[in-house]
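Engineer: Please read through the structure below; I'll follow up with questions.
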Amino acid sequence: MKDQRFKIAHREALIGIGLVLVNFTIWFGFAYGLGSGDPKNYSYVFGFPAWFFYSCIAGTGFMILLIWVVMKLFFKEVPFDDEEGDR
């Protein structure tokens with residue numbers, strides 16, 4: 001029988017890849033969506049260009065919150081010690 005820890009690690013690695021893709025999509029969408037125009041027409045949030053604020057500052061805060069939620073809901077503690085029956 002295959003070690004259950006590998007199945008858990010594989011699932012958590014796929015979740016991690018999904019989080020990276022969400023982060024990149026948020027960053028790319030706001031940075032190139034809002035920042036692709038003429039700099040004279042930029043709008044500002046707290047003194048930062050809107051594209052920078054939403055892609056880097058707000059996006060980072062959102063990702064921290066999302067990762068915390070995913071860690072609480074989908075990740076679980078896995079012992080690193082060998083099981084007794086594996087020897």
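The values are calculated or read from the model by the stated rules, or taken from the named source; none is laboratory data. Everything numeric here is computed off the predicted structure, so don't read it as measured data. Because the Cβ atoms are built from the backbone with ideal geometry, glycine has one as well, and the counts that use them run over all protein chains shown. Surface accessibility is based on the protein's heavy atoms, side chains included, excluding ligands, DNA and RNA. Shrake-Rupley method; radii C 1.70, N 1.55, O 1.52, S 1.80 Å.
Engineer: I need every pair where a residue in region 12-28 that is more than 14 Å from Gly61 (Cα to Cα) has its Cβ under 7 Å from the Cβ of a residue that is not in a helix (DSSP H, G or I), sequence separation at least 6 or different chains.
Structural biologist: These pairs meet every condition: Glu12/Phe75.
Engineer: Still on this model: Tyr42: among the aromatic types (Phe, Trp, Tyr), touching a residue at least 12 places away in the same chain (Cβ under 8 Å) and surrounded by 13 or more Cβ atoms within 10 Å (Cβ to Cβ), yes or no?
Structural biologist: So Tyr42 does not fit the description; no.
Engineer: If you don't mind, there's one more thing I want to ask. Could you identify the single residue in Gly29, Gly59, Gly47 that is at positive phi and small (Gly, Ala, Ser)?
Structural biologist: Gly47
Engineer: If you don't mind, there's one more thing I want to ask. Does region 45-69 hold any residues that are free of Cβ contacts under 8 Å to residues at least 40 places away in the same chain, surrounded by 11 or more Cβ atoms within 10 Å (Cβ to Cβ) and closer than 30 Å to Ile8 by Cα, and which are they? Break it down into steps so the answer makes sense when it comes.
Structural biologist: Step one: of region 45-69, the residues free of Cβ contacts under 8 Å to residues at least 40 places away in the same chain are 45-62, 64-65, 68-69.
Narrowing further to those that are surrounded by 11 or more Cβ atoms within 10 Å (Cβ to Cβ): 45, 48-60, 62.
Result: Gly59, Thr60, Phe62.
Engineer: With respect to Lys72, determine if the residue is open to solvent by 80 Å² or more (accessible area, probe 1.4 Å) and assigned to a helix (DSSP H, G or I).
Structural biologist: Numbers: open to solvent by 80 Å² or more (accessible area, probe 1.4 Å): yes; assigned to a helix (DSSP H, G or I): yes.
Against the criterion (open to solvent by 80 Å² or more (accessible area, probe 1.4 Å) and assigned to a helix (DSSP H, G or I)), Lys72 qualifies.
Engineer: Checking Gly33 against (1) of a type in the set (Gly, Ala, Ser); (2) at pLDDT below 95; (3) within 13 Å of the chain's Cα centre (by Cα): exactly one of these is not met. Which one?
Structural biologist: (3)
Engineer: I'd like the full set of residues that are in a helix (DSSP H, G or I), of a type in the set (D, E, K, R) and open to solvent by less than 80 Å² (accessible area, probe 1.4 Å), limited to region 1-32.
Structural biologist: First, the residues of region 1-32 that are in a helix (DSSP H, G or I): 4-32.
Keeping just the survivors that are of a type in the set (D, E, K, R) gives 5, 7, 11-12.
The answer is Arg5, Glu12.
Engineer: Follow-up. Restricting to region 22-75, what's the tally of residues that are charged (D, E, K, R) and in contact with a strand residue (DSSP E or B) (Cβ under 8 Å, 6 or more places away or on another chain)? Spell out the reasoning first.
Structural biologist: Looking only at region 22-75, we keep the residues that are charged (D, E, K, R), and these are 38, 40, 72.
Adding the requirement that they be in contact with a strand residue (DSSP E or B) (Cβ under 8 Å, 6 or more places away or on another chain) leaves none.
Residues in region 22-75 being charged (D, E, K, R) and in contact with a strand residue (DSSP E or B) (Cβ under 8 Å, 6 or more places away or on another chain): 0 in total.
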